[in-house]
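S.K.: My questions will all concern the structure given below.
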Amino acid sequence: MAAENINRPEESKETKNFIEEIIDSHLESGRYNRVHTRFPPEPNGYLHIGHAKSICLNFGLAKKYNGLCNLRFDDTNPTKEEVEYVDSIKEDVNWLGFQWDAEYFASDYFQQLYDWAEKLILEGKAYVCECSQETISTNRTTPTRPGIACEHRDRTPETNIELFRRMKNGEFPDGTMVLRAKIDLNSPNMHMRDPIMYRILHAHHHRTGNQWNIYPMYDYAHGESDSIEGITHSVCTLEFEVHRPLYEWFIQNIGIHAPQQIEFARLNLSYTIMSKRKLLQLVNEKHVSSWDDPRMPTISGMRRRGFPADAIRDFADRVGVAKRENVIEYGLLEFCVRESLNKKAERRMAVLNPIKLIVTNYPENQVDMVTGVNNPEDENAGTREIPFSRELWIESDDFMEEPIKGYHRLFPGNEVRLRYAYFVKCTGCKKDENGNVVEVYGEYDPASRGGNSPDGRKVKSTIHWVSAKHAAELETRLYDRLFTIPAPDDAEEGKTFLDYLNPDSLKTITAMCEPALAEARPGQFFQFERIGYFVPDKDSPEGQPRFNRTVTLKDGWAK
RNA sequence: UGUCCUGUGGUGUAAUUGGCAACAUGUCUGAUUCUGGUUCAGAAGAGUUUAGGUUCGAUUCCUAACAGGACAACCA
């Protein structure tokens, strides 16, 4: 094998993570002359941001070393897995921006796995055990004490192979017997105390149908699948560390290509949960609408929320790869999202919490068009025309009858700029019987058309607005974090993560939007000026976009 | 309890493999700005879990302790 296609990353200021250092040493020592990774999801749920880290890592490693990366579905448990999940997983990996070199299923290897199991049996390295689940467990005892051998352990290979074949043929009911590797009942590592390789399951498998009555366990299937595919570096999360001796035992005793398993710390994000079980619970108990509810930390949820794929990749990059447990601040994800969106989102004006501003010296039925810049960060984004008239919607936060110190928006006597339009000076307001402001009044300066005064006069603030008679009233969903505390998993006594659901994680309002927003289409990104980033939801009817708030703008004033 | 893994600013990740701790984010200032956004400039913030040891010198090597985590499924 020529090794000239190995691509060692050029010396750059970028430091290497510990996995890359291991790979470098393997390449140097000649243990491997290539890099081949895989992303091995179990199709029993939707992918989440934690998987995104693993996807970026595995595909990233392959790319960096000019190697390959497979997508392999770890579908060894037919009772939990469904095609729906297979489809969503493929879509999510693609959307994240990765193409796998080959697509496999662990179930593709069932026959090979079976043959190897027979080989181990014949060599006296595996046996059929008829103990109950409880007996197996109690016979394993505890780590400090030796395990107890059951009467099945010393059966002859002939008996074992016959029993195993009958297991395969479906002659026994579920749970009556299992195939166990004969390793070491006294190992301090409980995984080595004769682990189960096969269990009987008369279940319909999403790919092999009813062909099999026995299914391999993770520990027996995973490493062998890696080996079959020629994987060199099998990257997984920390909890599999104790499984590594077992992974290596099977490979060695079958006598096949040996990949190196390397474990890293999974991603944890503050204010969110990552467990598939809990995520499923949120969906099943209707705390969210679906797996792709924009509040979900799933890849599909984030996509619907408006997080760009490049932001997620950047995030995965920034959190790094190490072995120590970590909790990433949610703010870092938001930073990555804003940084990406700032460059690509077109600006629009929309008023979320409207109050009317009447420009008293502007002619009653006049309308003029002012020009708005679509994206100050991108010259190619062009401009658009926005209608201006006497009655405008402005944000109620942008007016205070009695301003607090530091406030320089609209208050009686103060002049501000209406973005892209005119200077307007506040002359007062009208209140209802309860003292609530219902209308704000102002006078504009015709000479300031376009947003600048010829006399060089300055204003301290610019506010956004929407012409009342031209406003498009569009449904807008204001999303916030799903949980109220940083670590919803660490519930205090007597509580569960559900007790920390944020009741205000979704507020649906009608926003007063500039007309151009009515033409927004799913897939586009917008910044509502001074407010945040928004995307049209996929469930929007034609010509009537419903907006999802992706993230707010950073608020340096923060009342 | 046993085995294994991990301890570096608030958070995360580094430190040329022994040379007085860097980057990002966050926070706080100030400047710029037709978004209280962006951008720019600056500041504060860890002496590397602790105690010993080796060394001229330790985040890095050794020992012990302490703390946190994983495992003890016919789940993956």
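S.K.: When the convex hull of the Cα atoms of the range A:458-511 is projected onto a plane and the area is averaged over all directions, what value comes out in nm²? Don't jump to the answer; show the numbers that get you there.
M.R.: Working: hull surface 26.6 nm².
Projected over every direction and averaged, the Cα hull of the range A:458-511 covers 6.6 nm².
S.K.: As a test of the definition: which semi-axes, in Å, follow for the range A:354-464 when you take the square root of five times each eigenvalue of its alpha carbon gyration tensor? Largest first, please.
M.R.: Working: eigenvalues 121, 51, 40 Å².
For the range A:354-464, the ellipsoid semi-axes come out as 25, 16, 14 Å.
S.K.: In what sequence, largest accessible area first, do A:LYS425, A:LYS119, A:LYS469 appear using a 1.4 Å probe? Could you put the intermediate results ahead of the total?
M.R.: Values: A:LYS425 100, A:LYS119 70, A:LYS469 120 Å².
Per-residue accessible area, sorted high to low, gives A:LYS469, A:LYS425, A:LYS119.
S.K.: A further question follows. Kirkwood hydrodynamic radius for the range A:43-122: how many Å is it when counted over pairs of different Cα atoms? Please list the in-between numbers first.
M.R.: Values: mean 1/r = 0.0707 Å⁻¹.
Averaging 1/r across every pair of different Cα atoms and inverting gives 14.1 Å.
S.K.: If you wrap a convex hull around the C-alpha atoms of the range A:49-95 and split its volume per residue, what is the figure in Å³?
M.R.: Values: hull volume 3.9 nm³, N = 47.
Residue-normalised Cα hull volume stands at 84 Å³.
S.K.: Next question, about the same structure. What list of ³J(HN,Hα) couplings, whole Hz, do you get for the range A:117-124 from phi and the Karplus terms 6.51, -1.76, 1.60, once you set θ to phi - 60° and write x for glycine and proline?
M.R.: Whole-Hz 3J(HN,Hα) from phi for the range A:117-124: 5, 4, 4, 5, 4, 4, 8, x.
S.K.: Under the √(5λ) rule applied to the eigenvalues of the Cα gyration tensor, what semi-axes describe the equivalent ellipsoid of the range A:126-174? Give them in Å, descending.
M.R.: Numbers: eigenvalues 116, 35, 8 Å².
With the √(5λ) rule applied to the range A:126-174, the semi-axes are 24, 13, 6 Å.
S.K.: Continuing with this model, one more query. Within chain A, what percent of beta bridges assigned by DSSP are antiparallel, to the nearest 5?
M.R.: Details: 56 of 82 bridges.
Within chain A, antiparallel bridges account for around 70 percent of the total.
S.K.: Next question, about the same structure. Against the empirical 2.2 N^0.38 Å scaling, what ratio does the C-alpha Rg of the range A:411-465 come to?
M.R.: On the way: Rg = 12.5 Å, N = 55, 2.2 N^0.38 = 10.1 Å.
Its radius of gyration relative to the 2.2 N^0.38 Å reference: 1.24.
S.K.: Could you report the accessible area of A:ARG145 in Å², rounded to 10, computed with a 1.4 Å probe on the protein chains as they sit in the structure?
M.R.: 140
S.K.: I would also like to ask the following. Short version: ³J(HN,Hα) in whole Hz for each residue of the range A:547-553, in order, from phi by Karplus 6.51 cos²θ - 1.76 cosθ + 1.60 (θ = phi - 60°), x for Gly and Pro, what are they?
M.R.: 9, 10, 7, 6, 6, 6, 6
S.K.: Of the accessible area of the range A:90-195, with the probe set at 1.4 angstrom, what percent is carbon plus sulfur? Let's see the in-between values first.
M.R.: On the way: 2460 of 5170 Å².
For the range A:90-195, the apolar C and S fraction of the accessible surface comes to 48 percent.
S.K.: Something else: Kindly provide log₁₀ I(q)/I(0) values, in the same order as q = 0.14, 0.16, 0.18 Å⁻¹, from the Debye equation applied to equal alpha-carbon scatterers of the range A:233-317.
M.R.: Ignoring solvent entirely, the Cα scatterers give -0.69, -0.79, -0.87.
S.K.: Now for a different question. Mind listing the long-range amide H neighbours of A:PHE73? Cut-off is under 5 Å, sequence gap 5 or more, other chains count too, H placed in the peptide plane at 1.01 Å from N.
M.R.: For A:PHE73, whose amide H was placed from the backbone, the distant partners under 5 Å are A:TYR104, A:PHE105, A:ALA106.
S.K.: Here is a further query. Please state the relative contact order of the range A:3-264 as a whole percent: Cα pairs under 8 Å, 6+ residues apart?
M.R.: This gives 17 percent for the range A:3-264.
S.K.: Grab the DSSP H runs of chain A that are 4 residues or longer, score each as -39,500 (n - 2.57), total them, divide by all residues and round the 222 nm result to the nearest 500 deg cm²/dmol. Show your work: numbers first, answer last.
M.R.: Values: 12 runs with 138 residues, N = 559.
So the helix-based figure for chain A works out to -7500 deg cm²/dmol.
S.K.: Pull up the DSSP beta bridges for the range A:3-264 and report the antiparallel fraction as a percent, rounded to 5. Kindly include the intermediate steps, with their values, before the conclusion.
M.R.: Values: 11 of 24 bridges.
Bridges in the range A:3-264 are about 45 percent antiparallel.
S.K.: Moving on to the next point. Leaving out ligands and nucleic acids, note down the accessible area per residue over the range A:354-464 with a 1.4 angstrom probe, in whole Å².
M.R.: Numbers: 5700 Å² over 111 residues.
Ligands and nucleic acids excluded, the result is 51 Å² per residue.
S.K.: Shifting gears a bit: Of A:GLU395, A:GLU519, which has the most accessible area and how do the rest follow, probe 1.4 Å?
M.R.: On the way: A:GLU395 20, A:GLU519 130 Å².
Listed by decreasing accessible area, they come as A:GLU519, A:GLU395.
S.K.: Check the range A:3-264 and count each lysine pair with an alpha-carbon distance under 17 angstrom, considering only pairs eight or more places apart or from different chains.
M.R.: Lysine pair count for the range A:3-264: 10.
S.K.: How many percent of Cα pairs in the range A:3-264 exceed 29 Å?
M.R.: Details: 12430 of 34191 pairs.
I get 36 percent for the Cα pairs in the range A:3-264 exceeding 29 Å.
S.K.: Give me the one-decimal Kirkwood hydrodynamic radius in Å for chain A, with the sum taken over alpha-carbon pairs. Walk me through the numbers before you get to the answer.
M.R.: Working: mean 1/r = 0.0360 Å⁻¹.
One decimal place: 27.8 Å for the Kirkwood radius.
S.K.: Pairwise over distinct Cα atoms, reciprocal of the mean inverse distance: report the Kirkwood radius of the range A:89-162 in Å, one decimal place. Display every interim value, and only then the final one.
M.R.: Numbers: mean 1/r = 0.0626 Å⁻¹.
Result for the range A:89-162, one decimal place: 16.0 Å.
S.K.: Further, regarding this structure: So for the range A:280-401, what are the equivalent ellipsoid semi-axes in whole Å, largest first, each being the square root of 5 times an eigenvalue of the Cα gyration tensor? Please report the intermediate quantities before stating the final value.
M.R.: Numbers: eigenvalues 316, 84, 39 Å².
Whole-Å semi-axes of the equivalent ellipsoid: 40, 20, 14.
S.K.: Okay, next question. At 0.36 nm per residue, and after removing the present C-alpha to C-alpha distance, how many nm does the segment from A:ILE485 to A:THR237 gain when stretched out fully?
M.R.: Working: separation 248, 0.36 × 248 = 89.28 nm, distance 2.52 nm.
Roughly 86.8 nm would be gained on extension.
S.K.: May I pose another question? With θ set to phi - 60° and the Karplus curve 6.51 cos²θ - 1.76 cosθ + 1.60, what are the ³J(HN,Hα) couplings of the range A:523-538 in order, to the nearest whole Hz, using x for Gly and Pro?
M.R.: With the stated coefficients, the range A:523-538 comes to x, 8, 10, 10, 10, 7, 4, 6, 10, x, 9, 9, 10, x, 6, 5 Hz.
S.K.: Quick one: helix A:218-228 against the long Cα principal axis of chain A, what's the angle to the nearest 10°, folded into 0 to 90?
M.R.: 90
S.K.: From zero up to wherever the largest Cα-Cα distance of the range A:456-559 sits, split into 5 Å bins and tell me the percent of pairs in each.
M.R.: Spelled out bin by bin, the range A:456-559 gives 2, 11, 16, 17, 15, 13, 10, 7, 5, 2, 1, 0, 0 percent.
S.K.: Let me confirm the definition first: pairs of Lys residues in the range A:354-464, 8 or more apart or on different chains, C-alpha distance under 20 Å. How many are there? Please list the in-between numbers first.
M.R.: Working: A:LYS356/A:LYS425; A:LYS356/A:LYS430; A:LYS356/A:LYS431; A:LYS405/A:LYS425; A:LYS405/A:LYS458; A:LYS405/A:LYS460; A:LYS425/A:LYS458; A:LYS425/A:LYS460.
For the range A:354-464, qualifying lysine pairs total 8.
S.K.: Taking R0 as 45 Å, what FRET efficiency do you get between A:ASN17 and A:ARG457 from their Cβ-Cβ distance, rounded to the nearest 0.05? Present the calculation step by step, with values, prior to reporting the outcome.
M.R.: Details: r = 55 Å, r/R0 = 1.23.
Once rounded, the FRET efficiency stands at 0.20.
The values are calculated or read from the model by the stated rules, or taken from the named source; none is laboratory data. In this text, all values refer to a predicted model and were calculated from it rather than measured experimentally. All Cβ positions, glycine included, derive from the backbone under ideal geometry; neighbour counts span all protein chains shown. Accessible surface areas use protein heavy atoms only, side chains included; no ligands, DNA or RNA. Shrake-Rupley method; radii C 1.70, N 1.55, O 1.52, S 1.80 Å.
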